[in-house]
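To start, the structure under review is shown below, and the notes come after it.
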Amino acid sequence: MKKVNSDESAYFLEYLRIQLEEKYGEEQLYKGGLKIYTTMNASMQRAAYESLRNGLKALDKRQGFRGPLKYLAESEIPQFCSKVEDGIDSSLLKVGDSYQGVIVGFNGKNGSVLVKVGERSGSISKKNISWAGKLSMIESYGKPAKGGNRVLALGSVIEVSVVSPEISNREGAEFALDQTPEVQAALVAVDPRNGALKAMVGGYDFKKSQFNRALQAKRNAGSAFKPIIYAAALDKGFTPATIIEDSEVEYPDGAGGIWKPKNYDGTFRGPVTMREALTNSINVVSVKILEQIGAPYAAEYARKLGFNSKIPENLALALGAVSISPMELTSAYAVFANKGSLLPSSVIVKVTDSEGNLLQQNSQQEPVPVVSPETSYVITNMMQSVVSSGTGRRASAIGRPVAGKTGTTNDSKDAWFIGYIPQLVAGVWVGYDQERSLGSWASGGQAAAPIWTEFMQKSVSSIPVEDFEAPENISFVVINPRTGKLAREGEQGAVMECFVKGTEPAGYDGDSGRPNADTAVQD
């Protein structure tokens, strides 16, 4: 049986502890000999921890080296190294672990940096420092007068990770220049069939911050909220083939000004199908869809998916201008994965006392149908296009049917990816605690999707490959995606599209009229 250590499971266990303490009290919880069985999957929990940390380190390094932590005089190095040594658990360093080291020399022949980590000596090769870009090496102690974070001097304290521990007393360890990320993230994984929480990580390091971002962070959802809007539109008569004009539009902003929603890439595509709009996360089309179906209707639709946070009833909702937690958004996607049925999340399977008597057992709760299986399948099918050919392409690397959606908020302050296979839903959020931009190369597809993908690759090997099952009331017909009409036999560019039976286009390409948003809305 695989186990996870306290660092890997800290956020999950703290969430569990809070629930148990509320129910049983401190005395019984800590001294009563209780045995607690949880929904955690140990392999998934470890994968969540590793993937989140790997993803944040990669993102942080793309944003640049922040420079040494501090500078030591030569006389201060022995005391500093002694303190580091006291914090090292074993006689040998472990691959992947990070420590603080101090620069004690440079090798001009091969460009490596000589460091001490505790009582151990080692080096950083040119390859393992290259991510920081061009750095100046100063062979003198003390903080350099010029150069800032682009200078490494003797006595510089830096973070290093272990590439290869020392093999003998004669051979030093090999390190890589490292950096603790300032950016944070959260990952939640749920079994949509029973609501069981399989893994949860609420930040980079629980020891430094106990704030559980998976549950407590309320952040703008951005485009990751769009599938809720699109699902609501499907129930109002829209179909994946409905044509909406992607063109400039403006609205009164309520303060005497004008609001002009813009697309992420700054371009307009003209008439597009609803599927294409979701696949490429076209903002203007999302706003026009919400205008057609009504913001109050869409907000109420979201609430029945289980959101507890306040859902605003205005057109900005189409762009994800709603503050919600990663747990809420992941649980909402779980409704679509579970064929339209809502299940509350659970973390406890059962609790017994010291004598083995059953104190608590969370039996399988009855799912509550909140969305039709047909709508759930169609929106899932549309989100499969997001992964296969849209903004979530990185997620296709897991090599099985996947549905999901990216999200990036204004100025890239929040990055999201929520995705699922039939048996597992996972959501990832990335951002700074004190909101600021993640940078121009940190969209949901670039910052969150890689974490999600690594987690799923590590987690699904024992899960059978399944496709999303279409209800009997779903039909597939060939259409022209430029017009949304039925395609004639042999027509170039024709694609297969899915519909709830009875909503298929009635006419062929070239016939007068086309299915568009103006005729889609039904009361």
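Values in this text are rule-based calculations from the coordinates and carry no lab data. Predicted, not measured: the structure shown is a model, and the values here were computed from it. Please note: Cβ atoms are built from the backbone with ideal geometry, for glycine as well, and neighbour counts cover all protein chains shown.
Site pair residue 89 and residue 393 shows an inter-label distance of 4.1 nm when each label is modelled 7 Å from Cα along Cα→Cβ. Taking Cβ atoms as reference points and 10 Å as the exclusive limit, the residues near residue 185 contribute a net charge of +2, counting Lys and Arg as +1 and Asp and Glu as -1.
Each of 22, 489, 435 has some number of other Cβ atoms within 10 Å of its Cβ, and from fewest to most they run 489, 22, 435. In whole angstrom, the range 391-435 maps to an equivalent ellipsoid with semi-axes of 24, 11, 7, each derived as √(5λ) from the alpha carbon gyration tensor and ordered largest first. Take the Kirkwood radius over Cα pairs of the range 35-141, plug it into Stokes-Einstein at 10 °C and 1.306 mPa s, and you get 95 µm²/s for translational diffusion.
With a Förster radius of 35 Å applied to the C-beta separation of residue 164 and residue 434, the computed FRET efficiency comes to 0.40. More than 16 angstrom separation, counting every C-alpha pair in the range 16-77; what % is that? Tail fraction, whole percent: 71.
As a calculated quantity, the FRET efficiency between residue 363 and residue 465 at R0 = 25 Å, using C-beta atoms, amounts to about 0.25. With a cut-off of 14 Å between beta carbons, the residues surrounding residue 364 carry a summed charge of 0, where Lys and Arg count +1 and Asp and Glu -1.
Each residue, residue 300 and residue 400, gets one label point 7 Å from its Cα in the Cβ direction; the gap between the two is 3.9 nm.
Applying the criteria of a DSSP loop state and at most 16 other Cβ atoms within 10 Å to the GluC sites (Glu not before Pro) of the range 232-315 yields 248, 250, 313. With neighbours defined as other Cβ atoms within 10 Å of a residue's Cβ, the residues 391, 406 order from fewest to most as 391, 406. Label-to-label distance for residue 30 and residue 323 is 3.3 nm, based on points extended 7 Å past Cα in the beta-carbon direction. Candidate cross-link partners of residue 226 among the lysines, defined by an alpha-carbon separation under 16 Å and a same-chain spacing of 8 or more, comprise 236, 262, 288, 304, 405.
The C-alpha atoms of the chain define a longest principal axis, and helix 326-337 lies at about 40 degrees to it.
Length gained on full extension, residue 137 to residue 496: 123.2 nm, using 0.36 nm per residue less the C-alpha separation.
With neighbour counts taken as other beta-carbon atoms within 10 Å, the residues 451, 282 rank, fewest first, as 282, 451.
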